[in-house]
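The block underneath contains the structure these notes are about, expressed in C-alpha cells.
Please treat every number below as a calculation from the coordinates, not as lab data. Keep in mind the model is a prediction, meaning the values are calculated, not measured. So basically every Cβ, Gly included, is an ideal-geometry build from the backbone, and we count neighbours across all protein chains shown.
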C-alpha cells in the first residue's frame, strides 16, 4: 500500500478506466490523494462503482466518456481534460482492446483500421494534445502495452499485438525525446489478467491452459497490475526510471 498522500495535489488522467486494470489504477490514485480525470469508456450509460461516484461528488474525480475509435473522440476528450486541468502530473494511456479475433487471411481494411486507431493512433493523438500540460508539470506518462507485444499473441490477434509493440517502441523514443523536459515515459505490460477482456476474447479452456504454463500457477488480477502504474508515476519512487517496460505476468515470459 502506498502512502495515502503520495499524489496529494497531483492531477492524474487515466484512460480506459471504466473497468478492469484502468478502474483499479484510478482507485489507487484516488486512495493516494490525487485528483483523477477518469475516462469511463465509450458510453455515458456505463454503470460505475460507488467509489467513483463519491469521488466525483467530492470533486476529486472527473468522469468523462469518450469514443477513441475516432479522431474527433480523442480531440473532444483532450479538450475536456485541458478544461479541467491546466497542468497534468500523470497521464496513463490505458484505453484499448483487441476489438475481435481476426484471421490474417480474412482481416478487412475496416477491422485493421479500427484496431490501429483505438490501440495505437489514439495514444499518439492524446499524448500530443496533452504534452504542453505534462511539460509544465514535468509529469510522467505510463502507457499500457501487453505481453503480446513480445510474444506476438495468439491466433487472430496479430494487429492488436503489433499495435501494442508500436506503443512500446513509441514510448521508448518519447522517453528519450522528452527527457530534457523532465517528462518520464514508461510502460506497464500485463500478461494474462482476469478481466472481462478475456471473458470476451478467450475461452475458459484457453485460460486454464495458459494458467498451467505460468510459474506462479495463477492468472493475474487488476490489483496485481495497478501498483506498477503508481510506482512509475511517482518521482520519489521512480525519478531515475524512463523508457522502461515493466512486465507483470507471473513469470510467463521466462518459460
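Points to keep in mind about this one:
- Computed from the Kirkwood radius of its Cα pairs, the Stokes-Einstein diffusion coefficient for the stretch 121-198 at 25 °C and 0.890 mPa s stands at 182 µm²/s.
- Of the peptides 82-89, 51-58, the order by per-residue mean of other Cβ atoms within 10 Å, starting with the highest, comes out as 82-89, 51-58.
- Seen against the Cα atoms of the chain and their longest principal axis, helix 222-233 is set at about 50 degrees.
- Alpha-carbon centroids, the stretch 159-200 and the stretch 5-71: separation in whole Å: 19 Å
- Stretch gain in nm, segment residue 221-residue 241, where the contour uses 0.36 nm per residue and the Cα spacing is subtracted: 4.8 nm
- Building the convex hull from the alpha-carbon atoms of the chain and averaging its projection over directions returns 13.4 nm².
- As a rough guide to protection, the peptides 159-171, 16-28, 107-119 ranked by mean Cβ packing within 10 Å, highest first, stand as 16-28, 159-171, 107-119.
- Put in line by how crowded their Cβ is, counting other Cβ atoms within 10 Å and starting with the fewest, 59, 42, 184 read 59, 42, 184.
- For 206, 212, order by how many other beta-carbon atoms lie within 10 Å, fewest first: 212, 206
- Cβ crowding within 10 Å averaged over residues, with 146-152, 218-224 ranked highest first: 146-152, 218-224
- GNM flexibility winner over the chain from 242, 195, 144 (Cα, springs under 10 Å): 195
- Sum of -39500 (n - 2.57) over DSSP H runs of 4+, divided by residues of the chain (222 nm, nearest 500): -13500 deg cm²/dmol
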